[in-house]
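Below: the structure, in structure tokens.
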Amino acid sequence: MSSMVESATQVRDTAGLSAALEAVLFTLNRPVTILELQDILQSTLPDIEAAAASLGQALAGRGLFLQRHQDQLQLVTDPTQADVVRRVLRPEYPSRLSPAAYETLAIIAYRQPLTRARIEEIRGVNCEAVLESLEEKGLIEETGRLDAPGTPRLFGTTMKFLQILGLSSLDELPPPPQSASTSS
Amino acid sequence: MSREVATEVERDPVYLVRTSAFDGPIELLLTLAQRAEVDLGAIPLASLTDDYLRAIEQERPPLDRLAAFLVIGARLVQLKAAALMPEAQVGEEEDLEAWEDAIKGRLEEYKRFKELAESLMRRHASGRFTFAGLLEPDVIPQARVQVSLDALASAFQQVLDRLPPPGPVTVEMEQVSLADKLEELRQMLVRQPQLNFSAVFRHSRTRLEAVVTFLALLELIRIGEARVAQDGAFGEISVHRQERTKHELDG
């Protein structure tokens, strides 16, 4: 038997860490970054990755669902339970977006992070208004600035983007389009 | 070379350019400009297109001819723009091909994203969302925001103000029962579980009737069969039907 001090500093096994991760995500009830979790769980990045994978598997077929967006994790309800949750919660999500919004979302989802100029190059039209509206809805956000003249904003999707599509991570999106002629 | 091109297009030019600096088929103008044998700087492209637009108003050419002009015109603008910016050198014919490839590639890329957008839309429309717990502030239904009594009172005042002014005094006993209004309001909410505040008074013909209707609404709120909500400060107040919980029925 190891002493209390020793066991506290010992690396927990994956099952234990996965249970701790579940408890923390449940309590915080918001997207939590891996970096934050390292601090909270006093653990290393590979251990947290393993714990997250194990938690995701353990939740298969359950009412809760582990969502991963880039370096953020969140515990949410399973997409198959959307109807019953909607009945109790009556959330006010936008029911439909415009075709322009879906196009823009698709481009950002597959090519993130990218600038407005690049999005406009693909869509061939001005995207200022649609980007503003998507940002307002919390489906995209500024993820940084491009290191180029004018340091334009870079856009990426958000956890909420996964939530309105019921995806566990961006990897679940349909296969991405092959990059067209590498002219730029 | 330029003579070959000239004979080829001479039979059926897309458009005959008539300017002081260049006089001939527009195809030839493009070829010469690409070889820097003609100075595009001396040719006003804006008035060239104006002339063309005027010409096609007289006689509308087939679509492929219009498209051909568009392609040549765009290329001329690109060449001229490049000439004004010494950094961006535009090459010769291979460049036109590369340019066409780039356009084609971009159209294909856009088409693929359009398909992906449709699959995102279908996925979104299926409604299989995931939800965070209730602590997440933006999933708490907005309708739970309470309306202050003052806002409710002033909304009612507006309803009163909108009623026609009282006519000549007629002393007549008016029968408006609270019970009737209560039932009427209940039926209204059954038919339409969410109403605008002003719609509640749609049928009120007199001040007294409006007052009793308002009392009936307050009563419904008190016993938990209705609640009122407001989108924000000065927003329209809405009235919602609400099921009485067992607890409230007992109490």
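The values are calculated or read from the model by the stated rules, or taken from the named source; none is laboratory data. The structure presented is a predicted model; accordingly, all values stated were derived computationally and were not measured. When we count neighbours, we look across all protein chains shown, and the Cβ atoms used for this are built from the backbone with ideal geometry, even at glycine. Please note that ligands, DNA and RNA were not included when accessible areas were found on the heavy atoms of the full protein model with its side chains. Shrake-Rupley method; radii C 1.70, N 1.55, O 1.52, S 1.80 Å.
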**OP:** Run through all the Cα pairs of region A:22-115 and give the fraction in each 10 Å bin from 0, expressed as whole percent.
**Re:** 13, 35, 33, 18, 1
Original post:
In sequence order, what are the phi-derived ³J(HN,Hα) couplings for region A:100-114 according to the Karplus relation 6.51 cos²θ - 1.76 cosθ + 1.60 with θ = phi - 60°, rounded to whole Hz, with x for glycine and proline?
Top reply: 4, 5, 5, 4, 5, 4, 4, 4, 5, 4, 8, 10, 5, x, 8
Original post:
region A:142-172 to region B:17-80: how many Å between their Cα centroids?
Top reply: 44
Original post:
Can you give the charge dipole size of chain A about its Cα centre, rounded to the nearest 20 debye, using +1 on the beta carbon of Lys and Arg and -1 on the beta carbon of Asp and Glu?
Top reply: 500
Original post:
Under a Cβ-Cβ cut-off of 11 Å, what is the net charge of the residues other than B:Lys181 that fall near it, where Lys and Arg count +1 and Asp and Glu count -1?
Top reply: -4
Original post:
In straight Cα distance, which lysines are under 27 Å from A:Lys137, not counting same-chain residues fewer than 8 positions off?
Top reply: A:Lys160, B:Lys111, B:Lys114
Original post:
With a 1.4 Å probe, how much accessible area is buried between chains A and B, both sides summed, in Å² to the nearest hundred?
Top reply: 3700
Original post:
If ligands, DNA and RNA are left out, what is the accessible area of B:Lys114 with a 1.4 Å probe, given in Å² to the nearest 10?
Top reply: 80
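Net charge near A:Tyr102, counting Lys/Arg +1 and Asp/Glu -1 over other residues with Cβ under 12 Å of its Cβ? Write out the running numbers ahead of the final one.
Numbers: positive: A:Arg96, A:Arg123, B:Lys114, B:Arg122, B:Arg123; negative: A:Glu103, B:Glu115, B:Glu118.
Net of charged neighbours comes to +2.
Compute the relative contact order of region A:15-154 as a whole-number percentage, counting only Cα pairs closer than 8 Å that sit 6 or more residues apart in sequence. Numbers along the way, then the final one.
On the way: 123 pairs, mean separation 22.8, N = 140.
Across region A:15-154, relative contact order equals 16 percent.
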Subject >> Built amide H within the under 5 Å cut-off of A:Leu73, gap 5+ >> reply: A:Val32, A:Thr33, A:Ile34
Original post:
How high is the relative contact order of region B:171-219, in percent, with contacts defined as C-alpha pairs under 8 Å that are six or more residues apart?
Top reply: 56
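Based on the alpha-carbon gyration tensor of chain A, what equivalent-ellipsoid semi-axes (square roots of 5 times the eigenvalues) come out, in whole Å, largest first?
Numbers: eigenvalues 250, 92, 39 Å².
Three semi-axes, in Å: 35, 21, 14.
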**OP:** Could you point to the residue in A:Val32, A:Ala148, A:Pro79 farthest towards the positive end of region A:30-184's charge dipole, with +1 and -1 charges on the Cβ of Lys/Arg and Asp/Glu respectively?
**Re:** A:Pro79
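Rounded to the nearest 500, what is chain A's calculated 222 nm mean residue ellipticity when only DSSP H runs of at least 4 contribute -39500 (n - 2.57) each, over all residues?
Numbers: 9 runs with 88 residues, N = 184.
Theoretical 222 nm ellipticity from helices: -14000 deg cm²/dmol.
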Original post:
What residues have an amide H closer than 5 Å to that of B:Ile237, excluding those fewer than 5 places away on the same chain, when H is modeled at 1.01 Å from N in the peptide plane?
Top reply: B:Phe197
**OP:** Under a cut-off of 27 Å between alpha-carbon atoms, report the lysines in cross-link reach of B:Lys181, not counting same-chain residues fewer than 8 places apart.
**Re:** B:Lys246
